[in-house]
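S.K.: One structure is given below, represented as structure tokens, and several questions about it will come after.
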There are 4 protein chains.
Amino acid sequence: MRSYHVQYGAGLAGLTVRDHSIPTPGTGEVLVRIRANSLNFRELSILRGQYPLPVKPDVVAVSDGAGEVVATGAGVDRVRLGDRVVGVVFPRWVDGPFGLEVADQLGGSLDGMLTEYAVLGQDAVLRFPDHLTYEEAATLPCAGVTAWNALTGGRGLRAGETVLTLGSGGVSLFAIQFAAILGARVIATTGRAANAERLTALGAEQVIDYLTTPDWFEQVRKLTDGRGVDHVIDVAGTLEQSLRSVAMAGEVAFVGTLAGAPPVDPRLIFTAGAVLRPIALGSRAHFVAMNEVIAAHRARPVIDRVFPFEQAASAYRYYQDARPFGKVVITQSAAA
Amino acid sequence: MRSYHVQYGAGLAGLTVRDHSIPTPGTGEVLVRIRANSLNFRELSILRGQYPLPVKPDVVAVSDGAGEVVATGAGVDRVRLGDRVVGVVFPRWVDGPFGLEVADQLGGSLDGMLTEYAVLGQDAVLRFPDHLTYEEAATLPCAGVTAWNALTGGRGLRAGETVLTLGSGGVSLFAIQFAAILGARVIATTGRAANAERLTALGAEQVIDYLTTPDWFEQVRKLTDGRGVDHVIDVAGTLEQSLRSVAMAGEVAFVGTLAGAPPVDPRLIFTAGAVLRPIALGSRAHFVAMNEVIAAHRARPVIDRVFPFEQAASAYRYYQDARPFGKVVITQSAAA
Amino acid sequence: MRSYHVQYGAGLAGLTVRDHSIPTPGTGEVLVRIRANSLNFRELSILRGQYPLPVKPDVVAVSDGAGEVVATGAGVDRVRLGDRVVGVVFPRWVDGPFGLEVADQLGGSLDGMLTEYAVLGQDAVLRFPDHLTYEEAATLPCAGVTAWNALTGGRGLRAGETVLTLGSGGVSLFAIQFAAILGARVIATTGRAANAERLTALGAEQVIDYLTTPDWFEQVRKLTDGRGVDHVIDVAGTLEQSLRSVAMAGEVAFVGTLAGAPPVDPRLIFTAGAVLRPIALGSRAHFVAMNEVIAAHRARPVIDRVFPFEQAASAYRYYQDARPFGKVVITQSAAA
Amino acid sequence: MRSYHVQYGAGLAGLTVRDHSIPTPGTGEVLVRIRANSLNFRELSILRGQYPLPVKPDVVAVSDGAGEVVATGAGVDRVRLGDRVVGVVFPRWVDGPFGLEVADQLGGSLDGMLTEYAVLGQDAVLRFPDHLTYEEAATLPCAGVTAWNALTGGRGLRAGETVLTLGSGGVSLFAIQFAAILGARVIATTGRAANAERLTALGAEQVIDYLTTPDWFEQVRKLTDGRGVDHVIDVAGTLEQSLRSVAMAGEVAFVGTLAGAPPVDPRLIFTAGAVLRPIALGSRAHFVAMNEVIAAHRARPVIDRVFPFEQAASAYRYYQDARPFGKVVITQSAAA
């Protein structure tokens, strides 16, 4: 069987495929025939040598993956042969707050999912909703769970409140879908006018073009009678605009920082009067709750494009350069 | 101007209409031209002498009312002339937990709303969503706020979870509508097969007939793969069935007890493993949050029948005897 | 090595000691040389055939135990050779709400700790505070964690509030100590005047003798200016008195029911206006938090009497008949 | 009667005393004979023209004050003649989150307390614990309530956790006292070695001198086994050091910013993984809860120096220049 490996900081040139024999699951472990993966910003961070957590040398690449349980070790009682499962990125983070003691992660300090077969602890996998394909399920572990935690893990977005999402990345698109299900009103920004209609179709009530409206926080204020939004999902670290957009006693869920995000004045944080909450993905409990909601509402992740397993490097390149609308997926199914 | 007064425990015979001069609002007070009222079980409890909180002798009847601000006293700055407002039943219960120090209530220890004009503190009124008529708004203060508190005031119903409502009373119908908005799945019971379709139209996914299925908790278990529902809104004090229907770590929001509700075995409470939370209406903060949701989703309360002001006694009789589907309203608008 | 086994419902006659070879830990497992155990009401329930959860035939007895890690299997990275550890009664209940999917428990569906050596998953053990002996640590898993969950797992007892404890059982004594550390005021009941001083020494500010004051809830009301206490730890299922003692918006943490606890009128639950929260022990997260507090305050559990391993049956009998003040412990240390 | 008035931005020169006739309380109002006041940083901000909220022209100065109720208007039922009361700085902020709709504040948009008599709404005053003098009570409304909210209003400091306080200002000293009562461990910083002993006497376990240890966050890490503290009370806006001191999933309660606080890198906020929560004082509910704790533990505020009413300007100057340890109080009692 084949696995893709990466070297920390070695760029795309470090992505290599290698042959292994199919491993055998030990006590409490399962063997998963991987069917699909999806890419996240963390994959690029690892290639660029900018990932904030430890990465194992020569690690099997990619944290997101879905597949079928094809063998089980002794003592496995939470999943069964034939179950369709996704990987849980932080297998030890079951519930409650994040901490370094649960920071081991697939595709980082632990081997990842861009492989034909993976052996995982039974607690590192989770059954996914029946109506989803493997390709759709593979989009959930990072982007879906992050969006869910961002909306529900702090003060908790409530029905009737207003949430602001930024751009068309994976986390933002999930956040729009989930917020609409939660009964909230969504204001979305985009830098591509052509995306406005698609954002509206997903559940955004208003879309602001941040290129034609550089001080878009003013527009956010106008759309909320001056109050600001109750919740911001900040995926870029553009904290100043987020803080100017948020209502007092609201929350800026802070999902990630791009290099070069400008420093922020403490006085602005203070006068905004909203909680600033950094988020690193989410727990298994977040994943379980999100799956319930996806199943109940038959929600479907947005996929931009699917690449076959053999063209993983092209998938990486496309993800990096093409500004996709929705997730970039790698599949091992025959059809792809 | 005319007001209806009641005597505690004197039955419908004690409901009398009397003439007064129109009062003048003092500092911090407003004069409201009442346009509509709605009836709740508490109105019957007061006539029957079974209300658990103190009732003022010869009190102006009815806690629920909506109208227009037609005069304001000195220092009024939270509402304006012409505002369309509802009364806040516990004017002192602003936010946080209920307690006897905030237990003064309209139509009980304080004069109520079944009158042509009422003087109220500016904190005892609240603007209501624009898309609602006075008749619709008048259904909110007791039944709407109770349902909202029942769903959100404790552990908080989450999207994807399942909630059980009992029958077709005002609280239950609001609970169905709100739960659907919150992204939850609703199982409803009814004793009238004819109501099933209407409950489904409001948002119930399944309806159980409790007459043909006396042990309906078994049906609830079946519909939830044996787990039970995450949340029960118990409006009758039939705790045994509620406890047998609820999932471990769920909540039974306990909204009221009918006389003759059977005693409950502590072992059943223990093994159910769910929180039992008694609810007395809700705070001003609950009311504000609910109004946001009603406005955002343009939700409309269910009204069974509207009576003119002059036929208030008939409205009381109808509410008591007719098993209405939705709220019984009394109007003072010309059209009624 | 020797282990005590029990048969469900077979009484003390079913407690037998048997020889086994010392087991070897598998992947992710540790071998613990048990040094001490303590007894809880659940041990009697199992002998009496009244335990609410499944019990494995011929199970190794007793859920509470502490010992030393003397061997580790492959992949063990959370504990080390030589660590002094306690068992976690529900090894799968890491954090968040309890549920049947995490209900496996030591000394019930899983083998227990009344043995010379036990093999446990590395997640089923936890290091304990340095200042405690094995005997003291062995009192924590059931009684300590239950008391901690009872005080902190629901609305959360706050400094300055008042808590009521009942009697001198293990959970109640821990609750007194923890409540005092949390800055709360404790009112305790006892049926033995002689215990009053000891309860005061542990942290109770007032002690009520429930034999000389059968309607002791009236005394509780008097001591709280009529308000009632914010928190009751009900260890017996005497809900009526608890509900009459609790303040509106408070909590009755309901830790267990004795057979024959009288049924309770729903109207009393409703008018009390407090949440009724049943508790089954607590999660690993509760245990970790409690250990932090015990370490920071150098708290010491109350032990009534210690029996040698060979006299386990006497320990059971003493626990059942002697109304101990504090925990009954079984030790394997040389000194005992 | 005499009142001190201030002009926004006019410096100490704008502080003038003027004669008025004693006012009469209206409906729902009380007349308070003020006995003591205390100064806070906000007083300086107003003189400097740097206060973030609107200030009424010619406002009566100072938000903190305590006194005796000497007359009551019609409808007053929450306080009585002779009650010893403190002012509630945000009279409309009863409970729940802060917002602009409850931002009216004594000594800012509303007249303040540096006067011989003040008329206040009955909801703008609160009885204080019996064991406190007027001078002590006058220190509570700003500094005490802020410290209480900082510790309990967000994730909630728990017993056994560790909290970091900065310097010897009023908020920090209260925070040390309250954290010790809550069962937490306190690490305090100071720039004056002479203060270390006094900080320890108040409840700090360790004291770090930030002058001799400029990178004091490293010392904080050492004292917490590298984890960092669970809670930081940042009173100066030195966010970088606070973020380097806090544990993942902890909280930086952000109480105020000094001009010139350096901007902060979003990446540092992100990698710290702790919530950043700005705080503007606290609600009436916070005040009530804090009073309960102060009463139960007979805690006493730390007062640095007391000035007579006639020397208010000296008090301002001393507060600004002398780096007091504890609160600066102005008294109207005979003894001073």
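The values are calculated or read from the model by the stated rules, or taken from the named source; none is laboratory data. Everything numeric in this text was worked out from a predicted model, so none of it was measured. For neighbour counting, all protein chains shown are included, and Cβ atoms are generated from backbone atoms with ideal geometry for every residue, glycine included.
S.K.: When you look at C:ALA295, is it over 30 Å from C:VAL17 (Cα atoms), away from chain B (no Cβ under 14 Å), under 23 Å from the mean Cα position of the chain (by Cα) and in contact (Cβ under 8 Å) with a residue 60 or more places away in the chain, yes or no?
M.R.: yes
S.K.: Right, here's the next one. Pick from the stretch C:242-265 the residues that are modelled with pLDDT under 95 and not hydrophobic (A, V, I, L, M, F, W, C): which of them is farthest from C:GLN50 (Cα to Cα)?
M.R.: Of everything passing the filter in the stretch C:242-265, C:ASP265 is farthest from C:GLN50 (Cα to Cα).
S.K.: Ok, one more. What pairs can you find where one residue is in the stretch A:139-160 and farther than 16 Å from A:ARG284 by Cα, the other is in a helix (DSSP H, G or I) and acidic (Asp, Glu), and their Cβ atoms are less than 9 Å apart, with a gap of 6+ or different chains?
M.R.: Correct list of pairs: A:ARG158/B:GLU292; A:ALA159/B:GLU292; A:GLY160/B:GLU292.
S.K.: Right, something else. Which pairs have Cβ atoms under 6 Å, sit 6 or more apart or on different chains, and link a residue in the stretch A:180-205 that is closer than 18 Å to A:PHE325 by Cβ and free of Cβ contacts under 8 Å to residues at least 60 places away in the same chain to one that is of a type in the set (Phe, Trp, Tyr) and not in a helix (DSSP H, G or I)?
M.R.: Final answer for the pair search is A:THR189/A:TYR210; A:GLY191/A:TYR210.
S.K.: Moving on to the next point. Considering the stretch A:176-224 alone, what residues qualify as being part of a loop (DSSP other than H, G, I, E, B), under 26 Å from B:ILE181 (Cβ atoms) and not hydrophobic (A, V, I, L, M, F, W, C)?
M.R.: Hits for the stretch A:176-224 are A:GLY183, A:GLY203, A:GLU205, A:THR224.
S.K.: Being of a type in the set (Gly, Ala, Ser) and closer than 19 Å to C:VAL86 by Cα is true for just one of C:ALA315, C:ALA280. Which residue is that?
M.R.: Residue meeting the stated conditions: C:ALA280.
S.K.: Within the stretch C:174-197, does at least one residue satisfy the condition of being under 24 Å from C:VAL102 (Cα atoms), modelled with pLDDT of 95 or more, under 16 Å from the mean Cα position of the chain (by Cα) and buried (at least 24 other Cβ atoms within 10 Å of the Cβ)?
M.R.: No, the stretch C:174-197 has no match at all.
S.K.: Only one residue in C:ASP77, C:ASP95, C:ASP83 is more than 21 Å from C:GLN332 (Cα to Cα), more than 18 Å from the chain's Cα centre (by Cα) and not basic (Lys, Arg). Which one?
M.R.: Being more than 21 Å from C:GLN332 (Cα to Cα), more than 18 Å from the chain's Cα centre (by Cα) and not basic (Lys, Arg) holds for just one of C:ASP77, C:ASP95, C:ASP83, which is C:ASP77.
S.K.: Somewhere in the stretch D:177-196, is a residue within 13 Å of chain C (Cβ to nearest Cβ), of a type outside the set (Gly, Ala, Ser) and touching a Phe, Trp or Tyr at 6+ places or on another chain (Cβ under 9 Å)?
M.R.: yes
S.K.: Turning to a different aspect of this structure: Can you spot a residue in the stretch B:132-155 that is at pLDDT below 95, over 18 Å from the mean Cα position of the chain (by Cα) and in a helix (DSSP H, G or I)?
M.R.: Looking for residues that are at pLDDT below 95, over 18 Å from the mean Cα position of the chain (by Cα) and in a helix (DSSP H, G or I), one finds none in the stretch B:132-155, hence no.
S.K.: Can you give me the ranges of the strands (runs of 3 or more DSSP E) entirely in the stretch A:1-117 with at least 2 residues that are out of contact with any His (no Cβ under 7 Å at 6 or more places or on another chain), within 14 Å of another protein chain (Cβ to nearest Cβ) and not small (Gly, Ala, Ser)?
M.R.: In the stretch A:1-117, the matching strands (runs of 3 or more DSSP E) lie at A:29-38.
S.K.: Tally the residues that are at the interface with another protein chain (Cβ under 7 Å from one of its Cβ atoms) and more than 24 Å from C:TYR319 (Cα to Cα), restricting the search to the stretch C:279-292.
M.R.: 3
S.K.: State all residues of the stretch B:96-115 that are charged (D, E, K, R) and buried (at least 18 other Cβ atoms within 10 Å of the Cβ); if no residue qualifies, say none.
M.R.: Hits for the stretch B:96-115 are B:ASP104, B:ASP111.
S.K.: Return yes when A:VAL85 is touching a strand residue (DSSP E or B) at 6+ places or on another chain (Cβ under 6 Å), at negative phi and surrounded by 21 or more Cβ atoms within 10 Å (Cβ to Cβ) and no when it is not.
M.R.: Yes.
S.K.: For D:LEU223, only one of the following conditions fails: (1) more than 14 Å from chain A (Cβ to nearest Cβ); (2) closer than 18 Å to D:GLU161 by Cβ; (3) at pLDDT 95 or above; (4) touching a Gly at 6+ places or on another chain (Cβ under 7 Å). What is its number?
M.R.: It fails just one condition, (4).
S.K.: Hey, can you tell me all the residues within the stretch B:198-215 that are of a type outside the set (Gly, Ala, Ser) and surrounded by 15 or more Cβ atoms within 10 Å (Cβ to Cβ)?
M.R.: Scanning the stretch B:198-215 gives B:ARG198, B:LEU199, B:THR200, B:LEU202, B:GLU205, B:GLN206, B:VAL207, B:ILE208, B:ASP209, B:TYR210.
S.K.: Now for a separate question. Given the condition more than 19 Å from A:GLY273 (Cβ to Cβ) and without any contact (Cβ under 8 Å) to a residue 12 or more places away in the chain, answer yes or no: does some residue in the stretch D:78-98 qualify?
M.R.: Yes, the stretch D:78-98 contains a residue that is more than 19 Å from A:GLY273 (Cβ to Cβ) and without any contact (Cβ under 8 Å) to a residue 12 or more places away in the chain.
S.K.: For the stretch C:211-226, which residues satisfy the criterion of being in contact with a helix residue (DSSP H, G or I) (Cβ under 8 Å, 6 or more places away or on another chain) and under 24 Å from C:TRP148 (Cα atoms)?
M.R.: Those that are in contact with a helix residue (DSSP H, G or I) (Cβ under 8 Å, 6 or more places away or on another chain) and under 24 Å from C:TRP148 (Cα atoms): C:PHE217, C:VAL220.
S.K.: Just for the stretch A:251-271: of the residues that are free of Cβ contacts under 8 Å to residues at least 40 places away in the same chain and more than 7 Å from chain D (Cβ to nearest Cβ), which one is nearest to the chain's Cα centre (by Cα)?
M.R.: Among those residues, the one meeting the criterion is A:LEU258.
Quick grid of which residues meet (1) touching an Asp or Glu at 6+ places or on another chain (Cβ under 6 Å); (2) small (Gly, Ala, Ser):
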residue: D:HIS5; (1), (2): yes, no
residue: D:ASP58; (1), (2): no, no
residue: D:ASP64; (1), (2): no, no
residue: D:VAL69; (1), (2): yes, no
residue: D:ASP77; (1), (2): no, no
residue: D:ASP83; (1), (2): no, no
residue: D:VAL89; (1), (2): no, no
residue: D:GLY96; (1), (2): yes, yes
residue: D:GLY99; (1), (2): no, yes
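S.K.: Looking at D:GLY121, D:GLY107, D:GLY99, D:GLY75 in this structure, which one is modelled with pLDDT of 95 or more and either under 29 Å from B:GLY96 (Cβ atoms) or aromatic (Phe, Trp, Tyr) (or both)?
M.R.: D:GLY107
S.K.: Being in contact (Cβ under 8 Å) with a residue 24 or more places away in the chain, of a type in the set (Gly, Ala, Ser) and surrounded by fewer than 20 Cβ atoms within 10 Å (Cβ to Cβ) is the filter here; which residues of the stretch C:31-65 pass it?
M.R.: Once the filter is applied, which keeps residues that are in contact (Cβ under 8 Å) with a residue 24 or more places away in the chain, of a type in the set (Gly, Ala, Ser) and surrounded by fewer than 20 Cβ atoms within 10 Å (Cβ to Cβ), the stretch C:31-65 yields only C:GLY49.
S.K.: For the stretch D:140-154, does any single residue satisfy the condition of being surrounded by fewer than 24 Cβ atoms within 10 Å (Cβ to Cβ), on the phi > 0 side of the Ramachandran plot and either among the aromatic types (Phe, Trp, Tyr) or within 13 Å of chain C (Cβ to nearest Cβ) (or both)?
M.R.: No.
S.K.: On to the next question. Out of the stretch C:281-295, which residues are surrounded by fewer than 22 Cβ atoms within 10 Å (Cβ to Cβ) and touching a strand residue (DSSP E or B) at 6+ places or on another chain (Cβ under 8 Å)?
M.R.: C:VAL288
S.K.: Whether any residue in the stretch D:306-315 is under 19 Å from the mean Cα position of the chain (by Cα) and more than 25 Å from D:LEU106 (Cβ to Cβ) is what I want to check.
M.R.: No, because not a single residue in the stretch D:306-315 is under 19 Å from the mean Cα position of the chain (by Cα) and more than 25 Å from D:LEU106 (Cβ to Cβ).
S.K.: Report yes if B:ALA274 is of a type outside the set (D, E, K, R), over 17 Å from the mean Cα position of the chain (by Cα) and within 14 Å of chain A (Cβ to nearest Cβ), otherwise no.
M.R.: So B:ALA274 does not fit the description; no.
S.K.: Taking the stretch D:159-173 on its own, how many of its residues are within 12 Å of another protein chain (Cβ to nearest Cβ) and either within 17 Å of C:ALA179 (Cβ to Cβ) or surrounded by fewer than 24 Cβ atoms within 10 Å (Cβ to Cβ) (or both)?
M.R.: 3
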